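Heads up: the structure comes next, in structure tokens.
The values are calculated or read from the model by the stated rules, or taken from the named source; none is laboratory data. Since we're looking at a predicted model, the values are computed, not measured. Here the Cβ positions follow ideal geometry from the backbone for every residue, glycine too, while neighbour counts run over all protein chains shown. Keep in mind that these areas ignore ligands, DNA and RNA; they rest on the heavy atoms of the full protein, side chains included. Shrake-Rupley method; radii C 1.70, N 1.55, O 1.52, S 1.80 Å.
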Amino acid sequence: MSVNGARGEAVAVLGGERRRLCLTLGALAEIETALEVEGLDGLAERMRRLSARDLKAVLGALLRGGGETDVDPGAVDPREAAEAVARAFAAAA
């Protein structure tokens with residue numbers, strides 16, 4: 001699986017499968033809504049204290065941003081999920 005670094009895509013292994021994640025504008029809006037924050041400053045602060053439900057919502061938005069529609073974020077190992085989210089945000093920087 002290749003990634004488009006210019007687009008900010010990242011790849012993470014979730015449940016033994018390589019999956020593409022991307023922090024698109026749509027994913028960002030979905031994350032802001034799920035975490036009930038506005039703007040990047042609010043998001044950065046809120047990301048420091050994610051619950052399991054929050055992590056599931058963030059991972060789902062990033063997977064959909066990467067075009068992955070057949071993954072259940074709730075079935076992903078929490079450590080894999082956290083690592084995938086970190087990779088996606090790092091790739092977007």
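Data for the structure
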read-out: Conditions (1) out of contact with any Cys (no Cβ under 9 Å at 6 or more places or on another chain); (2) at positive phi; (3) not hydroxyl-bearing (Ser, Thr, Tyr): number failed by ALA52; value: (2)
read-out: Close pairs (6 angstrom Cβ cut-off, 6 or more residues apart or separate chains): touching a residue at least 24 places away in the same chain (Cβ under 8 Å) in region 47-68, part of a helix (DSSP H, G or I) and surrounded by fewer than 18 Cβ atoms within 10 Å (Cβ to Cβ) anywhere; value: LYS56/GLY74; ALA57/ALA34
read-out: Those residues of region 6-20 which are under 24 Å from ASP72 (Cβ atoms) and surrounded by fewer than 16 Cβ atoms within 10 Å (Cβ to Cβ), in sequence order; value: VAL13, GLY15, GLY16, GLU17, ARG18
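For every residue, the table says whether it meets (1) open to solvent by 40 Å² or more (accessible area, probe 1.4 Å); (2) in contact with a Cys (Cβ under 6 Å, 6 or more places away or on another chain); (3) modelled with pLDDT of 95 or more.
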{"site": "ASN4", "(1), (2), (3)": "yes, no, no"}
{"site": "CYS22", "(1), (2), (3)": "no, no, yes"}
{"site": "GLY42", "(1), (2), (3)": "no, no, no"}
{"site": "ARG48", "(1), (2), (3)": "yes, no, no"}
{"site": "VAL71", "(1), (2), (3)": "no, no, no"}
{"site": "ALA75", "(1), (2), (3)": "yes, no, no"}
{"site": "ALA92", "(1), (2), (3)": "yes, no, no"}
